[in-house]
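Just below is one structure, and these are the notes that go with it.
The values are calculated or read from the model by the stated rules, or taken from the named source; none is laboratory data. Being a predicted model, the structure only gives us computed values, none of them experimental. Positions of Cβ are backbone-derived with ideal geometry, glycine not excepted, and every protein chain shown enters the neighbour counts.
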Amino acid sequence: MDRSPATDYAADAQAAMIAAPTSKSGAWLHRFANPGRFQRLVQPLIPWIGWAALIVCSVGLVWGFAFAPADWQQGIASRIMYVHVPAAWVAMNGYAALAICSLLSIVWRHPLADIAAKEMGPVGAGFTGLCLITGSLWGKPEWGTYWVWDARLTSVLILFFLYLGHMALIRAFDNPQHGYRAAAILGLVGAINLPIIVFSVYWWNSLHQGNSITLTGPSKIYVTMLYPLLISTLGFYLAFIAMSLARISSGIMENRARALLLARAERSGS
Amino acid sequence: MMSRKKRRLWIVIACGLGLSTAVALMLVAFRSSLSFFMSPQQVAARHPPAGRVFRLGGIVQANTVVMGTRDGAPYTTFRITDGRASIPVVYTGVLPGLFRQGQGVVTIGAMSRGDREFLASTVLAKHGADYMPRDVEMALRKAGKWNPKFGPPPNAGAWDDKSPAQIEASNNG
């Protein structure tokens, strides 16, 4: 990381003081509002999380695709679940994280939450796209169609469009603060879609199957197929975290570089 | 005097409540069109007019499937049931690989004149949420706990972590 001039740290510290809460109870929230502190803490972790994601994903996917037994009726095509299901879970929880960042942004004006929401959008959209594509490829051999407009498929497509809309909106303004405010509202409004996705298969008749794994009941997936599924899920989450942190970290550096350039332009202009 | 953060938090909570209520009301109002298919019971109760295209879904009733060919095209008749009502279906075309007795299906078509049968133009297979290897399925069959012909497997707690030998040994008959 390029060590920027001392004036930059002074500016950071000033920004942190402005953002610092007046009440003591919110102090923990703003501990990481200082981008410099975030960078020092997170940057060394990124390669570790990235490698862990690669290794855990490989273990889960190789186990699932090469060693786990095929489903008795769906046969070999059911193995695509080791990609489809983790991608779907990460897509939904990625959006939940984005919505939490939106809340932190709207209520507490947390500067890091804005950058996090901006940078998590494309990663979440990628996982949602992966979920839609693998689901479509799975649907053709089993259901007999690539796509139907049932409640589950449609609500996940809406999730994808929410991600795309958020990505576009947060970058649509010349003043980034305006983009952050507008996108945070979209992020929060879109969160209503998450319970709809989860419960769509119970509230309405759908072609998509019900949830195999729930918090309340036993898993409807046999253990020898469940373990690789859980491992690749962990791998997908690690991959989401690694990619998001790397993007957030580079987003912070981008902002700092822009601020420095602006400052230099102002100095040379005056 | 409320702090600005607190006021913003309350505004967000109020907007969230209002929005959730609005969406919930909308979903309840559009309930019937959000369902992907009608069950045999709903069809029996509402009597959709002949020729009106809709989706009919349910389980392929055991021992009702008759396959043949008509004018060189594969031709199948079967009944779709939800346990409360049952509708006879006629379909000409290639069935999806998962089609079998006891399997969930969603068919697209319309009732024939006189409400006699459902003329399907498309048959889609709907599988359940249960995943198991073949030896576990065989063990459940041998233990007399499940015949896939008659619908979904028993509660997953009874088989999802037991070896096939354990499942067979737990024969309750």
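Summary of computed values
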| item | result |
| --- | --- |
| Leading residue by the ranking (surrounded by the most Cβ atoms within 10 Å (Cβ to Cβ)) among those in the range A:201-216 that are part of a loop (DSSP other than H, G, I, E, B) and not polar (S, T, N, Q) | A:LEU207 |
| Among (1) under 24 Å from the mean Cα position of the chain (by Cα); (2) surrounded by fewer than 21 Cβ atoms within 10 Å (Cβ to Cβ); (3) modelled with pLDDT under 95, the one test that A:GLY165 misses | (3) |
| Selected residue (only one of A:SER249, A:SER219, A:SER232 is buried (at least 20 other Cβ atoms within 10 Å of the Cβ) and either within 9 Å of another protein chain (Cβ to nearest Cβ) or not in a helix (DSSP H, G or I) (or both)) | A:SER219 |
| Single unsatisfied condition, A:LYS140 versus (1) exposed (fewer than 15 other Cβ atoms within 10 Å of the Cβ); (2) away from chain B (no Cβ under 13 Å); (3) in a helix (DSSP H, G or I) | (2) |
| Pick from the range B:129-145, criterion in a loop (DSSP other than H, G, I, E, B) and modelled with pLDDT of 90 or more, ranking: farthest from the chain's Cα centre (by Cα) | B:PRO133 |
| Pick from the range A:63-81, criterion among the aliphatic types (A, V, I, L, M) and surrounded by 15 or more Cβ atoms within 10 Å (Cβ to Cβ), ranking: farthest from the other protein chains (Cβ to nearest Cβ) | A:ILE80 |
| Among (1) at negative phi; (2) away from chain A (no Cβ under 11 Å); (3) touching a strand residue (DSSP E or B) at 6+ places or on another chain (Cβ under 7 Å) - the single one B:THR122 does not satisfy | (2) |
| Residue match in the range B:88-99 (condition: more than 14 Å from chain A (Cβ to nearest Cβ), in a loop (DSSP other than H, G, I, E, B) and not aromatic (Phe, Trp, Tyr)) | no |
| Residue among A:ARG109, A:ARG152 that alone is on the phi > 0 side of the Ramachandran plot, in contact (Cβ under 8 Å) with a residue 12 or more places away in the chain, among the charged types (D, E, K, R) and surrounded by 17 or more Cβ atoms within 10 Å (Cβ to Cβ) | A:ARG109 |
| Within the range A:171-208, considering residues that are more than 10 Å from every other protein chain (Cβ to nearest Cβ) and among the polar types (S, T, N, Q), the one farthest from B:LEU124 (Cα to Cα) | A:ASN175 |
| Filter result for the condition that a residue is in contact (Cβ under 8 Å) with a residue 40 or more places away in the chain, outside any loop (DSSP other than H, G, I, E, B) and among the aliphatic types (A, V, I, L, M), over A:LEU226, A:LEU260 | A:LEU260 |
| Residue match in the range B:148-158 (condition: in contact (Cβ under 8 Å) with a residue 40 or more places away in the chain, at positive phi and part of a loop (DSSP other than H, G, I, E, B)) | yes |
| Leading residue by the ranking (farthest from B:ARG100 (Cα to Cα)) among those in the range B:10-67 that are outside any helix (DSSP H, G or I) and facing chain A (nearest Cβ under 9 Å) | B:SER35 |
| Residue in the range B:138-148 that is within 13 Å of chain A (Cβ to nearest Cβ), crowded, with 20+ Cβ neighbours inside 10 Å, in contact with a helix residue (DSSP H, G or I) (Cβ under 6 Å, 6 or more places away or on another chain) and among the small types (Gly, Ala, Ser) present | yes |
| Selection from the range B:69-87 of residues that are in a strand (DSSP E or B) and either farther than 16 Å from B:LEU119 by Cβ or modelled with pLDDT of 90 or more (or both) | B:THR69, B:THR76, B:THR77, B:PHE78, B:ARG79, B:ILE80, B:THR81, B:SER86, B:ILE87 |
| Residue match in the range A:184-192 (condition: of a type outside the set (A, V, I, L, M), free of Cβ contacts under 8 Å to residues at least 60 places away in the same chain and either assigned to a helix (DSSP H, G or I) or buried (at least 16 other Cβ atoms within 10 Å of the Cβ) (or both)) | no |
| Residue within the range B:1-15 that is among the hydrophobic types (A, V, I, L, M, F, W, C) and modelled with pLDDT under 90 present | yes |
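Conditions tested, residue by residue: (1) within 13 Å of chain B (Cβ to nearest Cβ); (2) part of a helix (DSSP H, G or I).
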| site | (1), (2) |
| --- | --- |
| A:ALA91 | no, yes |
| A:TYR95 | no, yes |
| A:SER102 | yes, yes |
| A:VAL107 | yes, yes |
| A:LEU112 | no, yes |
| A:GLY121 | no, yes |
| A:GLY126 | no, yes |
| A:LEU130 | no, yes |
| A:GLY144 | yes, no |
